[in-house]
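One structure is given here, and the rest of the page talks about it.
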Amino acid sequence: MKNTAAIITGSATGIGAATAQGLAARGCSVVINYTKSKEEAEATVEVCRELGGQAIAFCADVSKDDDCQAMAAAAMEHFGRLDILVNSAGTTKFVPLHDLDGLNADDFQRIYGVNVIGPFQMAKACAPHLKASGNGAIVNVSSTAGVFGSGSSIAYGASKGALNTMTKSLARALAPEIRVNAVCPGFVQTRWMRNHLGEEKYAAHIARWEDTAPLEKAATPEEVADIVISFIEGADIVTGQIMVCDAGASLGGRKR
């Protein structure tokens, strides 16, 4: 993947950071995107450089079209090309599914702004450059919540369902120059999840996945990143696919 360049949104930490590091280790130049986590983004930039890739940090809110256009322009200015877009930025509000009063229109608009409108705006901003690269690829980081109607809230699950549908629509619209796919992890062991759930609930989630998922594990960011990267390299005839990667949990639990 030498002489290629990528934008990875929401890549200061978590799946985005792991993906950026995996790409950098393969010689890809990367844009590390963040909104608030500047120190973490700069640390990820340093790791990517140590792994052998060029890297820059760029502050942008993907729900704002001007920010998306500016980030695509920055990638072209620094690297002279753009081959890969990974839409990893995401947000949610933790509300039990039965608590309909816990969500309002503002919550939906904020969540959709990042999880749905953001990936669309990034695809629109990057599409001309990805087409020019000769082998463009977009990977959307979605969720099993968008497949099974589960997750941290109805708004979150609905947004990821919309992202999955948009993945297929973009795959049709941007072919044959650009391939578009999505990965749908279940629970992932990230610092973001630990901070939002608290140590006790976070540990309980991991224990439940280890006890019930057929593969007896909860995914790490690096494991999800490996799947993201597999859609980028060596998948030249794959587009419009929604890959569930949840250690088999969606099969209904392991056989005892």
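Output the residues belonging to the stretch 191-241 that are touching a Ser or Thr at 6+ places or on another chain (Cβ under 7 Å) and at pLDDT below 90.
Selection gives 191, 192.
Where residues in the stretch 148-179 are in contact with a Lys or Arg (Cβ under 8 Å, 6 or more places away or on another chain) and over 20 Å from residue 221 (Cβ atoms), which of them is surrounded by the most Cβ atoms within 10 Å (Cβ to Cβ)?
155
Taking residue 173 as the residue in question, decide whether it is outside any helix (DSSP H, G or I) and among the small types (Gly, Ala, Ser).
Answer is no for this residue.
Restricting to the stretch 23-49, and then to whatever is hydroxyl-bearing (Ser, Thr, Tyr) and not in a strand (DSSP E or B), can you tell me which residue is surrounded by the most Cβ atoms within 10 Å (Cβ to Cβ)?
44
So if I check each of 233, 223, which one is surrounded by fewer than 22 Cβ atoms within 10 Å (Cβ to Cβ), within 15 Å of residue 15 (Cα to Cα), of a type in the set (Asp, Glu) and out of contact with any Phe, Trp or Tyr (no Cβ under 8 Å at 6 or more places or on another chain)?
So the residue among 233, 223 that is surrounded by fewer than 22 Cβ atoms within 10 Å (Cβ to Cβ), within 15 Å of residue 15 (Cα to Cα), of a type in the set (Asp, Glu) and out of contact with any Phe, Trp or Tyr (no Cβ under 8 Å at 6 or more places or on another chain) is 223.
Return the residue satisfying two criteria in turn: it lies in the stretch 98-121 and is crowded, with 16+ Cβ neighbours inside 10 Å and among the aliphatic types (A, V, I, L, M), and of such residues it is farthest from residue 183 (Cα to Cα).
Top of the filtered list is 103.
Could you go through the stretch 68-80 and let me know if any residue there is in contact with a Lys or Arg (Cβ under 6 Å, 6 or more places away or on another chain), farther than 18 Å from residue 19 by Cα and either part of a loop (DSSP other than H, G, I, E, B) or modelled with pLDDT of 95 or more (or both).
no
Kindly indicate which of 20, 12 is touching a Lys or Arg at 6+ places or on another chain (Cβ under 9 Å) and buried (at least 24 other Cβ atoms within 10 Å of the Cβ).
When all the criteria are applied, what remains is 12.
Is there any pair with a first residue in the stretch 153-182 that is without any contact (Cβ under 8 Å) to a residue 24 or more places away in the chain and a second that is surrounded by fewer than 19 Cβ atoms within 10 Å (Cβ to Cβ) and among the basic types (Lys, Arg) whose Cβ atoms are under 7 Å apart and which are 6 or more apart or on different chains, and what are they?
Within 7 Å, no pair qualifies.
Given the conditions (1) of a type in the set (Asp, Glu); (2) closer than 21 Å to residue 1 by Cβ; (3) surrounded by 22 or more Cβ atoms within 10 Å (Cβ to Cβ), and given that residue 246 satisfies all but one, which numbered condition is not satisfied?
(2)
Out of 200, 177, report the one residue that is more than 16 Å from the chain's Cα centre (by Cα) and more than 24 Å from residue 233 (Cβ to Cβ).
Exactly one residue qualifies, and that residue is 200.
Kindly provide the set of residues from the stretch 1-21 that are modelled with pLDDT of 95 or more, in contact with a strand residue (DSSP E or B) (Cβ under 9 Å, 6 or more places away or on another chain) and among the aliphatic types (A, V, I, L, M), ordered by number.
Across the stretch 1-21, the qualifying residues are 5, 6, 7, 8, 12, 15, 17, 20.
Looking at the stretch 131-145, which of the residues that are touching a helix residue (DSSP H, G or I) at 6+ places or on another chain (Cβ under 8 Å) and without any contact (Cβ under 8 Å) to a residue 60 or more places away in the chain is surrounded by the fewest Cβ atoms within 10 Å (Cβ to Cβ)?
The residue in question is 131.
The values are calculated or read from the model by the stated rules, or taken from the named source; none is laboratory data. Predicted, not measured: the structure shown is a model, and the values here were computed from it. When we count neighbours, we look across all protein chains shown, and the Cβ atoms used for this are built from the backbone with ideal geometry, even at glycine.
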